[in-house]
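The structure under discussion appears below in the form of structure tokens.
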Ligand code: F6P
């Protein structure tokens, strides 16, 4: 809808409904309606979401779905998939869904045959990845590549790094990957340690090819390589992923070894395209394409399933329910898979860079909270660290539990215990334990209050058959679209990220001041001036 959603009848109806049910306990909801678990679940191409442990009734879901209709979600989904310029502040189409369209699909946007372009790059990546994996592509001294080092940051790092960790078990060609992102010298230094320049390939990943961290790290890597193998070795040890051929050439990378993408792919939505090159080299083009098929299956589900059976729609609307009606501040994402240990970090960029906005697409202020704050760690590690607060703290923290039926390998039969923990946690969070139950166990009266488990802590459980490339694609698409749903309801532009620019520019302005011998001049503020002074003293400048 154009206009402020918080002034709509649908919003008011939800606010009223919230007042009515906010204090209802999940114990009551389940007691009154034993069939809710059978009803409150949805399947998307084999992915299963149980949302019965949410503080919702059928009426809540109905009202949330009405809100989605009011926000024009159906039209916005079509607008995204068909390439309308829904990224209004940058006047761009938003077509990450095109990165996973099959070759047979048709999509022409702004006069460009998007499917042909996407597949030309995918084929080029597959060819290159195949040559590295088969040892046809060799380093300057004739030795095969053993390690790929992706140098990138934000969307040019988190996606491939998360996915590589997730799919490590599928890396079958003897090529491993490392990821360098931070401008902290410890990052590149630590990652180069132990590497042999003769068997190392650098993939410099940057959409703009202007990012300070990436270009600085790339220069350090280049110097490291050239010191060992000479200038002529660069050609065989450096490739680039970017939209900016000019800058790639200026850096000294042959654009024949550049893998492109387009301004309609946001950085945080890009690892299913060329930004995934390091992943593709490690796991192989076939696995990579399986992952794309998983993405595409959920894209289709999102575009075609009725909203009441639409997993990303329901997940996005639940996010709105807790953020805007319960005032929840954060959402925990708790994968019961060690392989997904970078998934929460990946999702942080996805949700917070996308929806951390205070104005709507038309530039007018929002009148409600936006932008969920995601955080998390894999279970069961989190259980022994921060779950205490989830169970007994004063804050409401809705949580997503993600589990898999089958492990990749389980020689000691541990996987069932892992899953039992997932199920136990969501049950304890929902139903807790009352003072009466605790007293009945013979607990001394003064200890009883400490042991009370209030319950009523909402969770989603996402259950997938197995963590495969296909499933990973499904999971990522699921969250991408849930974030989109929230953005549509809030009426914001989920695809720009102007908020990161000022800090970047100020850092560039400040850097010379830190190293200069000259007295500090123009500072942005007195506090920063004082800190610069202190830093220079500590550095003996
Ligand atoms: O600082 C934010 C950002 O622009 C992200 O959106 C992006 O993923 C990252 O920087 C890296 O940008 P690039 O790929 O252009 O180096």
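The values are calculated or read from the model by the stated rules, or taken from the named source; none is laboratory data. All values derive from a computational prediction rather than experimental measurement. With ideal geometry, Cβ positions are generated from the backbone for all residues, glycine too; neighbour counts draw on all protein chains shown.
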Query raised in the report: In region 392-418, how many are out of contact with any strand residue (DSSP E or B) (no Cβ under 6 Å at 6 or more places or on another chain), in contact (Cβ under 8 Å) with a residue 24 or more places away in the chain and either in a helix (DSSP H, G or I) or surrounded by 18 or more Cβ atoms within 10 Å (Cβ to Cβ) (or both)?
Result: 3
Query - Out of 180, 175, sole residue that is at pLDDT 95 or above and buried (at least 24 other Cβ atoms within 10 Å of the Cβ) - result: 180
Report summary line: Of (1) free of Cβ contacts under 8 Å to residues at least 24 places away in the same chain; (2) more than 24 Å from residue 122 (Cα to Cα); (3) in contact with a helix residue (DSSP H, G or I) (Cβ under 8 Å, 6 or more places away or on another chain), residue 182 fails just (1)
**Report entry** Output for region 171-209, where each listed residue is assigned to a loop (DSSP other than H, G, I, E, B), within 19 Å of residue 276 (Cα to Cα) and within 16 Å of the ligand (Cβ to nearest atom)
**Finding:** 181, 182, 206, 207, 208, 209
Report task. Starting from residues that are surrounded by fewer than 24 Cβ atoms within 10 Å (Cβ to Cβ) and within 9 Å of the ligand (Cβ to nearest atom), keep the ones in region 213-224 and report whichever is farthest from residue 247 (Cα to Cα). Result -> 213
Query raised in the report: Does region 234-247 contain at least one residue that is under 24 Å from the mean Cα position of the chain (by Cα), in contact (Cβ under 8 Å) with a residue 40 or more places away in the chain and farther than 30 Å from residue 336 by Cα?
Result: yes
Report summary line: The condition from (1) away from the ligand (no atom under 16 Å from the Cβ); (2) closer than 30 Å to residue 357 by Cα; (3) part of a loop (DSSP other than H, G, I, E, B); (4) in contact with a helix residue (DSSP H, G or I) (Cβ under 6 Å, 6 or more places away or on another chain) that residue 85 misses is numbered (4)
Query raised in the report: How many residues does region 134-160 contain that are assigned to a strand (DSSP E or B) and within 16 Å of the ligand (Cβ to nearest atom)?
Result: 3
Report task. Considering only residues that are farther than 14 Å from residue 329 by Cα and part of a loop (DSSP other than H, G, I, E, B), look in region 349-361 and name the one that is nearest to the ligand (Cβ to nearest atom). Result -> 357
Query - Of all residues in region 362-379 being assigned to a loop (DSSP other than H, G, I, E, B) and over 22 Å from the mean Cα position of the chain (by Cα), the one that is nearest to residue 398 (Cα to Cα) - result: 368
Query raised in the report: Just to be sure, is residue 502 in contact with a helix residue (DSSP H, G or I) (Cβ under 9 Å, 6 or more places away or on another chain), assigned to a helix (DSSP H, G or I) and on the phi < 0 side of the Ramachandran plot?
Result: no
Requested in this report: Please find, within region 476-532, the residue that is farthest from the chain's Cα centre (by Cα) out of those that are free of Cβ contacts under 8 Å to residues at least 12 places away in the same chain and within 16 Å of the ligand (Cβ to nearest atom).
Outcome: 505
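Yes/no matrix, rows are residues, columns are (1) over 19 Å from residue 119 (Cα atoms); (2) surrounded by 24 or more Cβ atoms within 10 Å (Cβ to Cβ); (3) more than 16 Å from the ligand (Cβ to nearest atom):
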| site | (1), (2), (3) |
| --- | --- |
| 231 | yes, no, yes |
| 284 | no, no, yes |
| 293 | no, no, yes |
| 311 | yes, yes, yes |
| 318 | yes, yes, yes |
| 327 | yes, no, yes |
Report task. For region 253-261, state whether one or more residues are closer than 27 Å to residue 501 by Cβ, more than 28 Å from the chain's Cα centre (by Cα) and either within 16 Å of the ligand (Cβ to nearest atom) or in contact (Cβ under 8 Å) with a residue 24 or more places away in the chain (or both). Result -> yes
Query raised in the report: Any residue in region 117-136 that is within 25 Å of residue 305 (Cβ to Cβ), buried (at least 18 other Cβ atoms within 10 Å of the Cβ) and in contact with a helix residue (DSSP H, G or I) (Cβ under 7 Å, 6 or more places away or on another chain)?
Result: yes
Requested in this report: Tell me which residues, restricted to region 454-471, are closer than 27 Å to residue 328 by Cβ and in contact with a helix residue (DSSP H, G or I) (Cβ under 6 Å, 6 or more places away or on another chain).
Outcome: 455, 456, 457, 459, 461, 464
Requested in this report: Take the residues in region 101-117 that are assigned to a loop (DSSP other than H, G, I, E, B) and without any contact (Cβ under 8 Å) to a residue 40 or more places away in the chain, then tell me which one is nearest to residue 293 (Cα to Cα).
Outcome: 103
Query raised in the report: For region 153-179, what are the residues that are more than 24 Å from residue 136 (Cα to Cα) and without any contact (Cβ under 8 Å) to a residue 60 or more places away in the chain?
Result: 157
Requested in this report: Output the number of residues of region 4-45 satisfying the condition of being out of contact with any strand residue (DSSP E or B) (no Cβ under 6 Å at 6 or more places or on another chain), outside any helix (DSSP H, G or I) and more than 25 Å from residue 365 (Cβ to Cβ).
Outcome: 11
Report task. Taking residue 334 as the residue in question, decide whether it is in contact with a strand residue (DSSP E or B) (Cβ under 7 Å, 6 or more places away or on another chain) and under 25 Å from residue 452 (Cβ atoms). Result -> yes
